Amino acid sequence: MMQSDNEPSFRLFFALWPNAAERVALSTWQKPLLDRCGGRPMRGDTLHATLVFLGEVAEQRLEALRLAAQETNWQGFELKLTAAHYWGHNHIAFAAPDATPPQLGELVKELETRLRKHRFHLEQRQYKPHVTLLRNAQWSDAKLPPMPAVSWKFKEFVLVRSARDEQGAAHYEVLERFPLRGVN
């Protein structure tokens, strides 16, 4: 949907948001990767796995976003991050699973379907779950060192607002949480 220039908007995305222990476990990957690849480590409070990136969304469309998310109906699941990788096109080192859990792929597809039903326009690209650990990294196609697996048990997904401070650093604010069913 188009928005006027003076209409308030937010830069938004849906994500899996780890708890404090899972963040600490992932943060331990950063030092050995930083030693090899250089770059800038992501702050612990920004670590997440994006489900669907929305970009700029008009404030008046927030209710439609909430409805789309509430219409999803998926079981909780576990995501096991097992390996560090490097993408040269955007110079990031990241944690990823060996395989995408079927529940995760289905959750992303259903969320995208619901968002399109509510007239949100999304990029068409294959979903690749990952958690960015370093930005501005430099590496080759060589394999990165093995890392201890990190298991995330997801009971919810979140709607997140991204904003930049005066220095250009990203800050994330969880606007709303959406529980997944069948989780204790």
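Every number in this text was worked out from the coordinates using simple rules, so none of it is lab data. As the structure is a computational prediction, the values presented were derived from the model and not from experiment. In this analysis, Cβ positions are derived from the backbone assuming ideal geometry, glycine residues included, and neighbour counts consider all displayed protein chains.
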Given charges at Cβ of Lys, Arg, Asp, Glu: the chain dipole, positive-most of 169, 82, 53: 82
Solvent-free Debye scattering, log10 I(q)/I(0), computed from the Cα coordinates of the chain at q = 0.17 Å⁻¹: -1.17
Residues with amide H under 5 Å from that of residue 55, placed H, sequence gap 5 or more: 12
Net charge over other residues, Cβ less than 15 angstrom from the Cβ of residue 31 (K, R count +1; D, E count -1): +3
Efficiency of FRET from Cβ geometry, residue 136 and residue 6, R₀ 30 Å, rounded to 0.05: 0.30
Residue 71 long-range amide H proximity, modeled H, under 5 Å: none
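Hey, any idea what Rg/Rh is for region 87-151, computing Rh the Kirkwood way over Cα pairs?
1.06
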Least to most buried among 122, 26 (fewest other Cβ within 10 Å first): 122, 26
Value of relative contact order over region 9-179, rounded to a whole percent, pairs C-alpha under 8 Å and six or more apart: 34 percent
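Would you calculate, for the chain, the mean residue ellipticity at 222 nm contributed by helices, counting each DSSP H stretch of 4 or more residues as -39,500 (n - 2.57) and dividing by all residues, to the nearest 500?
Working: 3 runs with 43 residues, N = 184.
For the chain, the value works out to -7500 deg cm²/dmol.
Rank these for me by crowding, 160, 131, going from fewest to most other beta carbons within 10 Å.
Ordered by Cβ neighbours within 10 Å, fewest first: 160, 131.
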Pairs of lysine residues in region 9-179 - Cα separation under 17 Å, sequence separation of 8 or more or cross-chain: 6
Charge dipole magnitude, Cβ of K and R +1, D and E -1 - region 26-84, Cα centre, debye nearest 20: 360 debye
Cut-off 13 Å between beta-carbons: net charge of the residues surrounding residue 145, Lys and Arg +1, Asp and Glu -1: +2
Average silhouette area of region 103-184, convex hull of alpha-carbon atoms, in square nanometres: 8.9 nm²
Degrees separating the helix 20-37 axis from the principal Cα axis of the chain, which is the longest one: 50 degrees
Total charge dipole magnitude, the chain, about the Cα centre, Cβ charges on Lys, Arg, Asp, Glu only, Debye to nearest 20: 380 debye
Stretchable slack from residue 151 to residue 169, in nm (0.36 nm times residue separation minus alpha-carbon distance): 3.7 nm
Distance between region 123-184 and region 36-100 - C-alpha centres, whole angstrom: 3 Å
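Stretch residue 73-residue 24 to full length: gain in nm at 0.36 nm per residue minus the Cα-Cα span?
My answer for the length gained is 14.7 nm.
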